[in-house]
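*Asks:* Here's a structure for you.
Nothing in this text is a laboratory measurement; each read-out follows from the coordinates by a stated rule. Not measured: the values here are computed from a predicted model. Heads up, the Cβs are rebuilt from the backbone with ideal geometry, glycines too, and the neighbour counts pull from every protein chain shown.
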Amino acid sequence: MRLSFLLPLLIVLPLLTAFLIPLIDILAIALRKILVIISISLELVFSLSLLFYFSPLGKEKLPISYYLGGWEPPLGISLSLNHLGLIFSMLVSVSLFLITLYSLEYIEHHEGKYYVLLFVVLGAMQGVVLTNDLFNLYVFIELLTVASTPLVAFDRTSSAIEAGIKYIVYGLLGGLFFFIGIVLIYLSLGTLSLAEIALSFSSLPIPFQETVLIFFIISLTIKLGIFPFHFWLAKAHSSAPAPISALLSGVMLKLYLCVFLRLFWVVLDFPLMEASWLKSFVLYLALGSSLLGHLFAFQEEDLKRLLAFSSVGHIGIIVAVLLVNTPEALYGGMLHIINHLIMKSALFLDSGYFLQFTKSHLIKDLKGVFHYNRYLFASFVIVVLAMIGIPPLNGFFSKWYMLLAFVEEGIHLGGIVVILGSLLAIPYYFRVISYGISPCEEKPVVSLSQDPPPASLMIFTILALVVLTVVTGIFYFCLNPILDGAVQELLPLQIYPPFPGGS
Amino acid sequence: MNQLFFLSLFLLGFIGMLLNRNLIKLIIGFEIMEASVLLWFISFTNQGGNPPIYLLDKPGMVLNDPLPQALALTAIVIAASNIALFLTLVIELSRYHKASDVDKIKGLRD
Amino acid sequence: MKIFLLLVLFSGIGFLLIDNLRFLSNSGFSLGAATHYYVTQGFEQTGALNLVSSILYDFRAFDSLGESTVIFAAVSGIVSLLSRKTLPVSSHGLSIIVKRIFGILTPFLFVSGIYLILHGHLSPGGGFQGGVILGTISIVFCIVYGSSFDYTRYSPQSKTILEVSGALLFLAMGIIGIFLEGFFLANWFSSPERLGKLLTPGSIFGINLGVGIKIGAGLSIIFYSIIQKRIEGK
């Protein structure tokens with residue numbers, strides 16, 4: 001209870017910053033950068049202190065909760081933090097910290113509005129992770145959509161605007177289906193608190209439960225960009241500015257995965273879903289979507305679209321492995337959530353640095369671009385190797401656990417998709433690298449003799465992410481206490497065999 | 001019977017959203033869907049009581065459930081800001097394409 | 001092919017909803033525990049006779065904070081998308097009759113908007129509805145007097161300051177709640193004898209005011225960003 005005051009603070013601090021930025025813009029525009037840096041650092045400090053207190057060092061016990069307005073759960077809204085929430089809250093804080101630092105040098109116009117929207121997105125993300133009320137969850141999901149749409153269309157080129165329109169239409173549809181699910185639950189159960197729904201949901205008749213599940217599944221497949229609805233994702237993620245691409249593809253998709261985990265495992269009746277056709281349907285849909293994503297990435301000519309389609313592939317495989325629902329599968333899935341967040345953010349930020357020097361995002365225009373900064377080129381190669389799954393790096397371990405989980409449960413198609421995904425990733429990433437290092441014949445946009453623009457913060461962010469890639473690869477077992485806690489929360493209370501990697 | 005009306009309204013909006021190729025008409029279809037869901041929500045929780053405003057001189061009145069009304073109010077405001085953002089994007093798009101037809105704009109076709 | 005997929009989805013959703021409606025109308029709707037509390041004791045606990053207000057600004061005030069932020073984000077997004085070097089386009093509006101009549105009507109419109117905001121905890125209405133009326137006034141200004149009328153008198157900066165101060169008032173009410181009651185967004189209403197009066201102690205009054213200012217200014221900013229036309233070639 002002592003620490004629970006941090007929970008509303010994590011949400012309100014970014015919102016307060018967002019409200020203050022327009023005021024600062026009018027009064028003293030020079031202070032804006034300072035405010036942004038202070039606020040994002042405070043957010044990181046709060047989040048890391050939560051992590052410290054709940055790690056084995058800090059000896060505090062999860063879960064904690066906070067009643068907003070002093071009203072207990074059925075009456076008001078409460079926030080709560082468990083292991084799952086701790087992982088995602090920390091991931092959001094760390095990645096948003098790095099993305100904000102990167103943006104300080106990358107964004108050149110409309111900075112004020114950009115940071116307003118970025119901080120609203122940060123607050124909404126923490127809200128999605130922490131809230132314990134179904135309708136509040138809807139409000140924060142819509143807040144994410146509203147705040148990220150202008151960011152997608154931020155460049156205001158033709159393709160960015162089209163991407164924004166697509167993004168908001170799919171976002172609206174997903175939100176509407178989510179709302180229908182909420183209405184159905186409220187009309188039948190008379191409550192909105194997640195804990196109460198979890199208690200009484202299984203008392204409803206089974207066809208009705210399935211209907212509610214279907215509405216939430218439609219909503220989340222739209223938000224996650226799984227197969228029938230994956231078109232918006234590549235367009236939106238590739239047309240946005242680089243930090244926003246990293247935000248959408250790296251962080252926001254993981255956040256919807258968090259919603260997916262919380263809704264279907266904790267709140268709605270997972271045994272029912274497991275018993276009916278829904279589980280295997282979504283599982284094979286996600287596997288197909290994964291394969292399709294990698295195939296699309298394979299034939300893609302545009303670097304950012306390639307990365308976005310690769311995200312489709314990875315999200316599909318994560319959804320599939322989570323639905324296998326053994327401890328190993330959940331462990332592998334969550335490890336891959338963390339790793340994919342780090343790797344994809346690093347790739348988008350890295351490519352964002354290099355694409356500043358090219359005339360288009362096409363791979364064939366990348367010629368010689370890696371000569372601008374050899375260190376960043378090396379980091380790009382390291383992250384690509386991690387993405388493919390080369391042993392000492394982080395991608396390998398999560399892919400390995402996912403593979404094991406699929407094979408143990410006898411879903412061999414899943415194992416095949418994991419391996420095929422890695423195999424397909426080799427040629428499409430190496431095509432990028434080979435174009436990047438080949439000596440350029442034409443004159444590039446910025447000549448090589450001229451110094452590239454100063455970008456120390458950008459380089460620092462990318463290198464930090466690469467260091468994280470290596471560290472989470474070699475020391476991935478340091479995450480085990482939290483991951484095991486999260487896996488335990490998701491499983492029904494039964495004795496399961498010991499976890500991979502030991503606990 | 002009432003509910004079938006809202007259902008048909010919902011499906012009408014859905015058809016309108018899926019089959020219309022004009023961006024503005026598409027969003028009107030969406031609005032119809034949203035409105036039908038809200039109407040259904042509010043009307044279903046109406047139990048024939050009074051509006052949920054407590055009168056001090058008439059204690060003990062039967063009041064309707066206030067929560068769906070509050071939720072609907074929130075949902076309306078959210079939908080309104082979404083639509084405003086959407087229309088802004090359409091205005092921006094008109095700088096590049098003199099059409100609001102989905103099929104005529106290459107990037108929106110699928 | 002695509003139409004076929006959509007029709008399958010469509011008929012599936014229709015079928016599901018019909019199925020639901022049958023179940024729901026058979027089982028009927030009954031008040032949940034929380035709703036029962038709202039209806040029977042909500043007004044005594046919060047000091048708001050309008051139970052919808054008591055839910056929006058006290059029991060579920062966090063939703064309203066999120067909702068105000070949605071509008072705030074939409075305003076920021078629209079301004080960032082539409083801000084170019086623009087000028088208001090025209091200064092001639094409708095005929096003199098309309099102008100004069102609207103000149104007489106404006107104070108009344110304004111008062112009714114303010115009334116809805118201030119009486120949000122007593123009667124139907126509240127911050128959102130009143131704020132929308134305030135925003136409408138500035139829109140009607142544009143229609144009746146031409147778009148430069150409002151623009152020259154109230155600059156976008158002052159509207160932004162109004163909007164932000166509304167949002168900050170909301171947050172300030174939440175923070176005062178921490179000091180008085182120990183919880184963020186807690187209502188410090190504690191005097192039943194003031195129930196039903198306009199100046200009820202408690203946060204609902206302040207939050208209503210903040211939301212009203214914010215929505216009014218926000219809608220006005222959205223409208224004026226959208227109608228601005230680009231001056232080509234300058």
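*Asks:* Taking 7 Å along the Cα-to-C-beta vector as the label spot, tell me the A:His371-B:Leu4 distance in nanometres, rounded to one decimal.
*Replies:* With each label placed 7 Å out from Cα toward Cβ, I get 7.5 nm.
*Asks:* So which of A:Lys113/A:Lys254; A:Lys166/A:Lys235; A:Lys235/A:Lys304 end up more than 20 Å apart, counting from Cα to Cα? The partial results should precede the final answer.
*Replies:* On the way: A:Lys113/A:Lys254 25 Å; A:Lys166/A:Lys235 8 Å; A:Lys235/A:Lys304 9 Å.
Going by Cα-Cα distance, A:Lys113/A:Lys254 fall outside the 20 Å limit.
*Asks:* Something else now. Place +1 on the Cβ of every Lys and Arg and -1 on the Cβ of every Asp and Glu in the protein assembly as shown, take the dipole about the Cα centre, and give the residue among A:Val383, A:Val282, A:Ile168 whose Cα lies farthest towards its positive end.
*Replies:* Going by the Cα projections, it comes out as A:Ile168.
*Asks:* In degrees from 0 to 90, rounded to the nearest 10, what is the angle of the helix A:134-152 Cα long axis to the longest principal axis of chain A?
*Replies:* Helix A:134-152 sits at roughly 10 degrees to that axis.
*Asks:* Sort A:Ser95, A:Ser41 by Cβ crowding within 10 Å, fewest neighbours at the top. Working shown, then result.
*Replies:* Details: A:Ser95 22, A:Ser41 13.
Going from least to most buried by this count: A:Ser41, A:Ser95.
*Asks:* If you don't mind, another one. Residues of the stretch C:114-131 with backbone nitrogen within less than 19 Å of a virtual label 7 Å along the Cα-to-Cβ line of B:Met61, please, listed as ranges.
*Replies:* C:116, C:119-126
*Asks:* Shifting gears a bit: Suppose the chain between A:Ile416 and A:Phe430 were pulled fully straight at 0.36 nm per residue; how much longer would it get relative to their current alpha carbon spacing?
*Replies:* Numbers: separation 14, 0.36 × 14 = 5.04 nm, distance 2.15 nm.
Contour length minus the Cα-Cα distance gives 2.9 nm.
*Asks:* Taking R0 as 41 Å, what FRET efficiency do you get between A:Phe5 and C:Asp19 from their Cβ-Cβ distance, rounded to the nearest 0.05?
*Replies:* 0.35
*Asks:* Can you tell me, using C-alpha contacts under 8 Å and at least 6 residues apart, the relative contact order of the stretch C:40-230 as a whole percent?
*Replies:* Details: 309 pairs, mean separation 65.1, N = 191.
That works out to 34 percent.
*Asks:* Report the paramagnetic label zone for C:Tyr37: residues of the stretch C:157-199 whose backbone N is under 18 Å from a point 7 Å from Cα along the Cα-to-Cβ axis.
*Replies:* C:181-190
*Asks:* Hey, another quick one. Per residue of chain A, what 222 nm ellipticity follows from adding -39500 (n - 2.57) for every DSSP H run with n ≥ 4, rounded to the nearest 500? Walk me through the numbers on the way to the answer.
*Replies:* On the way: 20 runs with 354 residues, N = 503.
When only DSSP H runs of four or more count, the value is -24000 deg cm²/dmol.
*Asks:* Here's another thing I want to ask about it. In peptide B:48-61, how many Cβ atoms from other protein chains are near each Cβ within 10 Å, on average?
*Replies:* Per residue, the number of nearby Cβ atoms from other chains is 4 on average.
*Asks:* Between the helical axis of A:394-408 and the dominant principal axis of chain A, each derived from Cα atoms, what acute angle in degrees is found, rounded to the nearest 10?
*Replies:* The angle comes out at about 40 degrees.
*Asks:* At most 14 other C-beta atoms within 10 Å and a DSSP loop state: those are the exposed GluC sites (Glu not before Pro) I care about. Give me the longest piece of chain A that has none. The partial results should precede the final answer.
*Replies:* Numbers: sites that count: A:Glu60, A:Glu108, A:Glu301, A:Glu441, A:Glu442.
My reading of the result: A:109-300 is the longest stretch.
*Asks:* R0 = 35 Å: FRET efficiency of A:Ile34 with A:Ser55, Cβ-based, nearest 0.05? Provide the component values of the computation, followed by the final result.
*Replies:* Working: r = 31 Å, r/R0 = 0.89.
Between A:Ile34 and A:Ser55 the formula returns 0.65.
*Asks:* Output the Cα-based Rg and Dmax of the protein assembly as shown in Å, rounding Rg to one decimal and Dmax to a whole number.
*Replies:* Just the Cα atoms of the protein assembly as shown yield Rg and Dmax of 26.5, 88 Å.
*Asks:* Placing +1 on the Cβ of each Lys and Arg and -1 on the Cβ of each Asp and Glu in chain A, which of A:Gln488, A:Leu75, A:Ala30 has its Cα farthest towards the positive end of the resulting dipole?
*Replies:* Checked the options; the winner is A:Ala30.
*Asks:* Once the principal axes of the Cα atoms of chain A are found, what is the range along each, listed largest first in whole angstroms?
*Replies:* Reported extents, whole Å, longest axis first: 70, 59, 46.
*Asks:* Hey, got the average number of other protein chain Cβ atoms within 10 angstrom for residues in A:2-9? All intermediate terms of the calculation are to be shown ahead of the outcome.
*Replies:* Values: counts 0, 0, 0, 4, 0, 1, 7, 1.
Taking the mean over all residues of the peptide, I get 2.
*Asks:* Related question: In the protein assembly as shown, if the dipole is taken from +1 on Lys/Arg beta carbons and -1 on Asp/Glu beta carbons about the Cα centre, which of B:Leu26, A:Gly395, B:Ala72 is farthest to the positive end?
*Replies:* Towards the positive end, the residue furthest out is B:Leu26.
*Asks:* So, one more: Counting only the backbone N, which residues of the stretch B:46-89 are under 19 Å from the spot 7 Å out from the Cα of A:His109 toward its beta-carbon?
*Replies:* Residues B:88-89 qualify, since their backbone N sits under 19 Å from the label point.
*Asks:* Between 0 and 90 degrees, rounded to the nearest ten: what's the tilt of helix A:303-324 against the longest Cα principal axis of chain A?
*Replies:* 20
*Asks:* Here's something else I'd like to know. So for chain B, what percent of the C-alpha to C-alpha distances run longer than 20 Å? Working shown, then result.
*Replies:* Numbers: 3350 of 5995 pairs.
The calculated P(r) of chain B puts 56 percent of pairs beyond 20 Å.
*Asks:* Residue-wise, which Karplus ³J(HN,Hα) couplings in Hz belong to the stretch A:416-425, taking 6.51 cos²θ - 1.76 cosθ + 1.60, θ = phi - 60°, and x for glycine or proline?
*Replies:* 4, 5, 4, 5, 4, x, 5, 5, 5, 5
*Asks:* A follow-up question, please. For chain B, what number of Lys pairs, 8 or more residues apart or on separate chains, have alpha-carbon atoms under 29 Å from each other? Show your work: numbers first, answer last.
*Replies:* On the way: B:Lys25/B:Lys98; B:Lys25/B:Lys104; B:Lys25/B:Lys106; B:Lys98/B:Lys106.
Lysine pairs satisfying the spacing and distance rule in chain B number 4.
*Asks:* Here is a follow-up. If the viscosity is 1.306 mPa s and the temperature 10 °C, what translational diffusion coefficient in µm²/s does Stokes-Einstein give for the stretch A:297-503 when Rh comes from Kirkwood over Cα pairs? Working shown, then result.
*Replies:* Working: Rh = 18.1 Å.
It diffuses with D of about 88 µm²/s by this estimate.
*Asks:* Another question about this same structure. Pick from C:Val164, C:Val211, C:Val98: which is most flexible by mean-square fluctuation in a GNM of chain C where alpha carbon atoms under 10 Å apart are linked?
*Replies:* C:Val98
*Asks:* A further question on this structure: For the stretch C:84-228, what does the alpha-carbon gyration tensor say about shape, rounded, prolate or oblate, given a ≥ b ≥ c as the root eigenvalues, a/c under 1.5 as rounded, and a/b over b/c as prolate? The partial results should precede the final answer.
*Replies:* Details: a/c = 4.24, a/b = 1.86, b/c = 2.28.
Since a/c reaches 1.5 but b/c is at least a/b, the shape of the stretch C:84-228 is classed as oblate.
*Asks:* Excluding residues fewer than 8 places away in the same chain, name every one of the aspartates and glutamates whose C-alpha is closer than 19 Å to that of A:Lys344.
*Replies:* Within the straight-line cut-off, A:Lys344 pairs with A:Glu300, A:Glu301, A:Asp302.
*Asks:* Let me ask something else. For peptide A:226-239, what's the mean number of Cβ atoms from other chains within 10 Å of each residue's Cβ? All intermediate terms of the calculation are to be shown ahead of the outcome.
*Replies:* Details: counts 0, 0, 3, 0, 0, 2, 1, 0, 0, 3, 0, 0, 0, 1.
Taking the mean over all residues of the peptide, I get 1.
*Asks:* How would the stretch C:68-148 be classified by its alpha-carbon gyration tensor: rounded, prolate or oblate, with rounded meaning a/c under 1.5 and the a/b versus b/c comparison settling the rest? Walk me through the intermediate numbers first.
*Replies:* Values: a/c = 4.64, a/b = 1.09, b/c = 4.24.
Judged from the Cα gyration tensor, the stretch C:68-148 comes out oblate (a/c at least 1.5, b/c at or above a/b).
*Asks:* Nothing charged except the Cβ atoms of Lys and Arg (+1) and of Asp and Glu (-1): what's the magnitude of the dipole of chain A about its Cα centre? Round to the nearest 20 debye.
*Replies:* On the way: 23 positive and 28 negative charges, 120 e Å.
So the dipole magnitude of chain A works out to roughly 580 debye.
*Asks:* If each Cα of the stretch A:38-156 is one equal point scatterer, what is log10 of I(q)/I(0) from the Debye formula at q = 0.15, 0.19, 0.22 Å⁻¹?
*Replies:* -0.76, -1.08, -1.27
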